[in-house]
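The values are calculated or read from the model by the stated rules, or taken from the named source; none is laboratory data. Quantities reported herein were computed from a predicted structural model and do not represent experimental measurements. With ideal geometry, Cβ positions are generated from the backbone for all residues, glycine too; neighbour counts draw on all protein chains shown. Protein only, heavy atoms only, side chains kept; ligands, DNA and RNA dropped before computing areas. Shrake-Rupley method; radii C 1.70, N 1.55, O 1.52, S 1.80 Å.
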Amino acid sequence: MDYLQIKRVNSLSGNIKISGAKNASLPLIAMIILAKQSVTINNLPHVADINTLLKLLSNLGAKYERGEHVTTVDTTSLTQTKATYDIVKTMRASILVLGPLLARFGHCEVSLPGGCAIGQRPIDLHLKALEQMGTNINIKAGYIEATAPNGLKGCDIIFDKITVTGTANIIMAAALANGITTITNAAREPEVVQLCEVLDKSGVKIDGIGTAILKITGTSGKLININEFKVIPDRIEAGTYLCAGAITKSELTLTDVNPSHLSAVISKLEEMGSKFTISKTSITIHPSNIIKPVKIVTQEYPAFPTDMQAQFLALATQAIGTSIIEEKLFENRFMHVSELQRMGADISLNGHVATINGGTKLSGTDVMATDLRASSALVLAGLIADGVTDVHRIYHLDRGYDSLEIKLQNVNADIKRLKE
Ligand code: UD1
């Protein structure tokens, strides 16, 4: 198993090119199940989760060719409709094949994803919406057996809670359904917006893109022509490197980024004292002498993302004063706290709320990554901790960060990947 060894740096400097967004790529790859021909995707990130989903599709009979920048996926030869436990257990987002498989074949089986490190993460809202669309759902021996003998039918779906993959799944199901599906309380994340835009350009009429009410006119079972597209930049990767700039008080420039997707993150960093120069596709963070404390509540887009909570918590350990971070989306997403405490951070947890008394000196030690974003928080802490920080179990990190140590080495970080 690999681990990362990080030594304290005085400061970072240079440019970091942001990769394509993992969370946009996953539904976009699943969407290709709806295509009637091979589809070319640009800018897929080189991260483990993407390989997992491509492997899942290939197990079902699809073909793909993965290049450095360009990937082609052909699902015309896809005949199997069972997404098995061995793959789904490694990546919960495999549930994204449920909607498109059902829409194309009228039946499928997908292993239940189960809980994960950051909480229970049910999929009841996905299933309830599919039932409304005319699907019989049977949960048997750990699998969702879904059949829609008369095809999926458009209907009005109101999500009780905003769900990102739930919205994506239903958009893909609705794309081939009979009639119009209206989704109320839809997720508005940029990743969902891109899925809608690509489908809309492929002949599936979608009204309300980017709003909480989506109206999708299905093709009545006809597969669609999907033109080549480019995945949007990864706003969470970008946010993580902005935190790297802030915590090390460095000047860093991110390129190939969409600043408008990062408004909530930039605004919190400004509250903490950072200054920015922003162009259409780049962001430069300028060093600040002092990091100020902050109050953060994680919420759905366009509010502050839960996927940036761990990184800001690491940053708050260096603020002069007390920060409060409230996690509203996932019940168990503070596992990085105990690792940061072991490095000397002064953090107390009360249910969903972390209180961080900043300004403590962190010391490098052995720490364990517990989930994807928690891993990057430990890397950020390692950049400013005295001595050596060894971050173990970085397979979590490899799920979602493309070449993290190389990108950080290029801006003068002292970080290397080693074998246990
Ligand atoms: C997606 C992102 C993940 C991010 C999360 C919240 C992907 C691949 N992953 O995860 O990085 O942290 O959005 O922004 O895009 N819920 C239910 N029932 C459901 C579905 C969700 O109760 O059927 C709850 C969840 O437990 C959670 C909340 O709704 O409390 C939001 O979850 P959801 O938006 O579905 O997260 P994911 O799509 O799994």
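Quick notes on this structure:
- Gly179 at pLDDT 95 or above and open to solvent by 20 Å² or more (accessible area, probe 1.4 Å): yes
- Members of the range 294-345 found to be aliphatic (A, V, I, L, M) and open to solvent by 50 Å² or more (accessible area, probe 1.4 Å), listed by number: Val297, Ile320, Ile324, Leu329, Met335
- Condition met for Ala238 (out of contact with any Asp or Glu (no Cβ under 8 Å at 6 or more places or on another chain) and either surrounded by 19 or more Cβ atoms within 10 Å (Cβ to Cβ) or on the phi > 0 side of the Ramachandran plot (or both)): yes
- Selection within the range 164-182 - under 18 Å from Gly210 (Cβ atoms), in contact (Cβ under 8 Å) with a residue 40 or more places away in the chain and more than 13 Å from the ligand (Cβ to nearest atom): Met172, Ala174, Ala175, Thr181
- Residues (under 16 Å from Val294 (Cα atoms) and among the hydroxyl-bearing types (Ser, Thr, Tyr)) located in the range 335-348: Ser348
- Among the residues examined, Lys161 qualifies as surrounded by fewer than 24 Cβ atoms within 10 Å (Cβ to Cβ), under 23 Å from Val110 (Cα atoms) and within 16 Å of the ligand (Cβ to nearest atom).
- Within the range 323-343, the set of residues being touching a residue at least 24 places away in the same chain (Cβ under 8 Å), away from the ligand (no atom under 16 Å from the Cβ) and farther than 19 Å from Glu270 by Cβ comprises Val337, Glu339, Leu340, Arg342, Met343.
- The residues in the range 336-375 that are under 13 Å from Arg393 (Cβ atoms) and not in a strand (DSSP E or B) can be counted, and the count is 8.
- Within the range 15-28, tally of residues that are open to solvent by less than 30 Å² (accessible area, probe 1.4 Å), more than 16 Å from the ligand (Cβ to nearest atom) and assigned to a strand (DSSP E or B): 1
- For Gly218, the requirement of being more than 16 Å from the ligand (Cβ to nearest atom), of a type in the set (Gly, Ala, Ser), open to solvent by 40 Å² or more (accessible area, probe 1.4 Å) and modelled with pLDDT of 95 or more is not met.
- Qualifying residue in the range 9-24 (condition: within 21 Å of the chain's Cα centre (by Cα) and at pLDDT below 95): no
- When the range 314-334 is filtered for residues that are in contact with a strand residue (DSSP E or B) (Cβ under 6 Å, 6 or more places away or on another chain) and under 10 Å from Val294 (Cα atoms), the ones remaining, listed by number, are Ala316, Thr322, Ser323, Ile324, Ile325.
- Of the residues making up the range 107-118, at least one is open to solvent by 50 Å² or more (accessible area, probe 1.4 Å), over 23 Å from Val192 (Cα atoms) and modelled with pLDDT of 95 or more.
- Screening the range 92-154 for strands (runs of 3 or more DSSP E) wholly inside it with 3 or more residues that are within 16 Å of the ligand (Cβ to nearest atom) and over 20 Å from Ile171 (Cβ atoms) returns no ranges.
- Matching residues in the range 248-263 - criterion: being open to solvent by 10 Å² or more (accessible area, probe 1.4 Å) and within 16 Å of the ligand (Cβ to nearest atom): His261, Ser263
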